[in-house]
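Notes to accompany the following structure.
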Amino acid sequence: MSCLEEKFDQLRSVYPAEMNSSLVLPLLHLMLKEKGHLTESDAVFIAQYLDVPPMQVKEALTWYTMLYRQPVGKHVIKICRNIGCSLMGAERLIEYLERKLGIKEGETTADGRFTLLAVECLASCGTAPAMQIDDTYHEQLNESKIDQILKELS
Amino acid sequence: MTETRVFFNFDVTADSHTLAAYRQRGGYQALEKVLKGMQPIDVENEVKASGLRGRGGAGFPTGMKWSFVNKQSPVIYLCCNADEGEPGTFKDRWIFENTSHQLIEGMIIASYALKVRHSFIYIRGEFDLPYRRLMEALKEAKEAGLVGEKILGTEFSCDIIVHQGGGAYVCGEESSLLTSIEGFKGYPKNKPPFPAVKGLYQKPTVINNVETLATIPWILANGGATYAAIGTEKCSGTKLFGVSGHVNRPGLFEKPMGYSYKKLIYEDCGGILGGKELKAVIPGGSSTPVLLPSEIETLTMDAEAVQAAGSMLGSGGVIVIAEGTCMVRLLQVLSRFYAHESCGQCTPCREGSAWMNDIITRISRGKGVKGDLERLECITKGIMGNTVCALGDAASMPVNGFLKKFRHEFEYFIEHGRSMYDGRLEI
Ligand SMILES: Cc1cc2nc3c(=O)[nH]c(=O)nc-3n(C[C@H](O)[C@H](O)[C@H](O)COP(=O)(O)O)c2cc1C
Ligand code: SF4
């Protein structure tokens, strides 16, 4: 993991030295980007690198929803189910995606291409309904726009 | 007379977010003026004179918050709250995407006033374009000597560290935000001690919302009194209001405090979708109690007026609901959210938000039973005022509001096992 440790060191230089413990979440994010999902041993690895109690990192890992602890598909679709999007048809679009992908919310397609998650407010209420695929936001959605977006994904 | 704009004072173009464009519209002149000609206490006094109140939801006077910090402390921190998670709110994101430099300038000025060497931006982890724009702007600002060592050639140095969140709404609560920056799961803390006394790593800390801090350059450039002259007497300035839901033209608007809700909905947003009647307005983000059309008829958008009407100005997220919407199913969307976001630390909130969601979900599936509404009210009583942070109250207020204003719909659902309105949320 030497390459990873190099990246760790780089992040470490951003924070004042006395704030070592603040690196827990940034390092978990970084590791997630590298590995797709995180396990307990990843948490222990970070704890050892930072010299903080392993329990602290394990707790963080299990508490923050953006940190996946199960393998996810090549693309993760997060579609908003909160109030702004619901008023603009989010439920219909979630059902549409479930039918289109042949999975339920929370599941991954058999070919491993897509994971579908219904999430809380993405701060897109003025451009609802909205979803985020991997990092990118897609807003003012409708069925045909979803078709187009999914088609363009590798 | 053209209205004063603190934010919407430029056209958004492909490069309006850059340093060059920000400078062209007068950017970083306030910082220069402050660093080269003002004492920290003068800056604080100017902010006090402006009457600026926090834009994160609670509306606490910013200058007063700054004055609580003991400036003799060897280490003081500033944290910008950019966790923007309150459903209905999407304003901070606009600031990052379009004028990150305005926030950076505001943070450096605030850091100078507060004698801060390291400041933080806690930005919600999902944000992509806002994050990238911020990082670009920070890079530009560092290269131009506007952030970092010896800013603008003066003796003042300040770094801004960007910390990405992990997808937890509660981390927008200020003590939770600090615990999260410290590298723990984001449990809120009991107050007192307040962060101004014991905050990040036990050091005095000021936490301000993105919009609050991004307003600071304007105040220093134009004077606190000029800012105080805008808006209402107790609620000065302009504010970003995000309108969502059943309107023809949803979006973000900058309005002077005291603007009319009706004008916002019917003129700025072009009225209700499909020409329908208005049914309800959630005036300031999902946690604020819902209001009826009759209650917003003459209501103005300032903290005092909305409070007098029994709700809150909150974060300025106005959610508009048209006639024909099923309020039972809509409340279920909210109760599910709060149950999901409770951090689990205190029993009334953890259990109560889950029980409320169970009961409301049961009602919305036609399985409600007699006594459910009383049970809900009893649970909110058990939660409110009995929890570590305000998320417990935030989960309870919508329930009380919906039951008070639309009780008949809940009773109908329980009695008939179905919605009065076909269970519709979309119009
Ligand atoms: C559950 C909860 C979530 C909150 N979320 C946010 C948020 O996303 N952004 C924000 O600025 N304030 C949020 N707040 C309010 C903060 O605790 C705090 O009052 C605010 O950041 C102070 O900044 P201001 O004085 O500039 O408004 C939240 C509060 C609670 C109880
Ligand atoms: S009120 Fe809820 S969210 Fe806040 S600390 Fe208690 S359990 Fe956590």
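The values are calculated or read from the model by the stated rules, or taken from the named source; none is laboratory data. Only a predicted model underlies this, so the values are computations on that prediction, with no experimental measurement involved. We place every Cβ from the backbone using ideal geometry, glycine too, and count neighbours over all the protein chains shown.
When the range B:48-75 is limited to residues that are in contact with a Pro (Cβ under 8 Å, 6 or more places away or on another chain) and within 16 Å of B:Glu233 (Cα to Cα), the one that is nearest to ligand 1 (Cβ to nearest atom) turns out to be B:Gly54.
Listed by position, the helices (runs of 4 or more DSSP H) inside the range B:255-371 whose residues that are surrounded by 24 or more Cβ atoms within 10 Å (Cβ to Cβ) and within 14 Å of chain A (Cβ to nearest Cβ) number at least 1 are B:327-341, B:347-364. The one condition from (1) farther than 30 Å from B:Ser287 by Cβ; (2) assigned to a helix (DSSP H, G or I); (3) out of contact with any helix residue (DSSP H, G or I) (no Cβ under 7 Å at 6 or more places or on another chain) that A:Ala47 does not meet is (3). Taking the conditions (1) more than 25 Å from A:Leu23 (Cβ to Cβ); (2) within 16 Å of ligand 2 (Cβ to nearest atom); (3) among the aromatic types (Phe, Trp, Tyr) in turn, B:Tyr227 satisfies each one other than (2). B:His340 meets all of the listed conditions (1) within 16 Å of ligand 1 (Cβ to nearest atom); (2) free of Cβ contacts under 8 Å to residues at least 24 places away in the same chain; (3) farther than 17 Å from A:Asn82 by Cβ but one, namely (3).
Being modelled with pLDDT of 95 or more and either in contact with a helix residue (DSSP H, G or I) (Cβ under 6 Å, 6 or more places away or on another chain) or within 30 Å of B:Val34 (Cβ to Cβ) (or both): is that true of B:Ala228 here? Judged against the criteria, B:Ala228 is a match.
The single condition among (1) over 18 Å from B:Met38 (Cβ atoms); (2) in contact (Cβ under 8 Å) with a residue 12 or more places away in the chain; (3) away from every other protein chain (no Cβ under 13 Å); (4) surrounded by fewer than 24 Cβ atoms within 10 Å (Cβ to Cβ) that B:Asn208 does not satisfy is (4).
Might you let me know whether the range B:237-248 holds any residue that is part of a loop (DSSP other than H, G, I, E, B), more than 16 Å from ligand 2 (Cβ to nearest atom) and either among the β-branched types (Val, Ile, Thr) or touching a Phe, Trp or Tyr at 6+ places or on another chain (Cβ under 9 Å) (or both)? Yes, some residue in the range B:237-248 is part of a loop (DSSP other than H, G, I, E, B), more than 16 Å from ligand 2 (Cβ to nearest atom) and either among the β-branched types (Val, Ile, Thr) or touching a Phe, Trp or Tyr at 6+ places or on another chain (Cβ under 9 Å) (or both).
Report whether or not B:Ala394 is surrounded by fewer than 20 Cβ atoms within 10 Å (Cβ to Cβ), within 15 Å of ligand 1 (Cβ to nearest atom) and at pLDDT 95 or above.
Considered against the rule, which asks whether it is surrounded by fewer than 20 Cβ atoms within 10 Å (Cβ to Cβ), within 15 Å of ligand 1 (Cβ to nearest atom) and at pLDDT 95 or above, B:Ala394 comes out as no.
Residues checked against (1) in contact (Cβ under 8 Å) with a residue 12 or more places away in the chain; (2) in the same structural domain as B:Lys405 (by TED's automatic domain parsing):
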{"site": "B:Ile272", "(1), (2)": "yes, no"}
{"site": "B:Ser294", "(1), (2)": "no, no"}
{"site": "B:Gln332", "(1), (2)": "yes, yes"}
{"site": "B:Ser335", "(1), (2)": "yes, yes"}
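The residues of the range B:380-427 that are of a type outside the set (A, V, I, L, M), within 14 Å of chain A (Cβ to nearest Cβ), in a helix (DSSP H, G or I) and over 16 Å from B:Thr361 (Cβ atoms) amount to a single one, B:Gly401.
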